[in-house]
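Notes to accompany the following structure.
The values are calculated or read from the model by the stated rules, or taken from the named source; none is laboratory data. Just so it is clear, the model here is predicted, and its values are computed rather than measured. Using ideal geometry, Cβ is built from the backbone for each residue, glycine included, and neighbour counts are taken over all protein chains shown. For accessibility, only protein heavy atoms count, side chains too; no ligands or nucleic acids. Shrake-Rupley method; radii C 1.70, N 1.55, O 1.52, S 1.80 Å.
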Amino acid sequence: MRQQLLQLQREGWIEAVVDHDTVRGRTGRPATVYCLTDAGEHLFPKHYDTLSIAIIDAVSEELGMDAAVRVLARVSDDRVNVLAPRVEGRTLEERLELLRSWYVADDPFMTHERDGDDYRLIERNCPFYNTAMNRPALCSVSVNALTRLLGVRVRREEKFQDGDGRCVFRVYSREPVTDWRFTLET
């Protein structure tokens, strides 16, 4: 058992805390309490997607579709407010490079490529996959936030929901967006 605990500790999934208030058995030594670290949380099942779907449905059913759209717009606004300072004053190419970290820093599953005058932002792993597959309106958050952060029209041309195995956002470099309004993706 001790070897297993040491291995989990080395991997950073648990931490040992000596409890001086509790004495173990006949030895009189303080007890060691093992606690899960934030890094170890992934080892246990989570049902965030189920909760997210239930919340989206509850807002839509209880408050109406307009309220659900306002909530999605707010989520988009929040994402933009976090990322806008990082991309401000940068070229489109530089913005795209920074937005590779859309979900996580230096995301190895997010790339971009030039396609004529346009660009394609390619997402090969969606952290919200289960929720997005069941409530695709959630993806409108990404399309709208990317449009605002890049300052040009963005459209998703490939989708996990369509069985494409990835999402590809076409970035229309010659179509600036100045009068932006949150819209649901069609």
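For the condition in a loop (DSSP other than H, G, I, E, B) and crowded, with 19+ Cβ neighbours inside 10 Å, Phe182 qualifies. In the set Asp106, Asp66, Asp78, only one residue is free of Cβ contacts under 8 Å to residues at least 60 places away in the same chain, open to solvent by 60 Å² or more (accessible area, probe 1.4 Å), not in a helix (DSSP H, G or I) and not β-branched (Val, Ile, Thr); that residue is Asp106. Restricting the stretch 122-169 to residues that are open to solvent by 40 Å² or more (accessible area, probe 1.4 Å), closer than 26 Å to Leu92 by Cβ and out of contact with any helix residue (DSSP H, G or I) (no Cβ under 9 Å at 6 or more places or on another chain), which is modelled with the lowest pLDDT? Residue satisfying both the conditions and the ranking: Pro127.
Scanning for something more than 21 Å from Val152 (Cβ to Cβ), aliphatic (A, V, I, L, M), part of a helix (DSSP H, G or I) and at pLDDT 85 or above, does the stretch 6-15 turn up at least one residue?
Yes, that holds for at least one residue.
Scan the stretch 84-101 and give yes if some residue there is open to solvent by 70 Å² or more (accessible area, probe 1.4 Å), under 26 Å from Tyr48 (Cβ atoms) and either in contact (Cβ under 8 Å) with a residue 40 or more places away in the chain or not in a helix (DSSP H, G or I) (or both), otherwise no. There is no residue in the stretch 84-101 that is open to solvent by 70 Å² or more (accessible area, probe 1.4 Å), under 26 Å from Tyr48 (Cβ atoms) and either in contact (Cβ under 8 Å) with a residue 40 or more places away in the chain or not in a helix (DSSP H, G or I) (or both).
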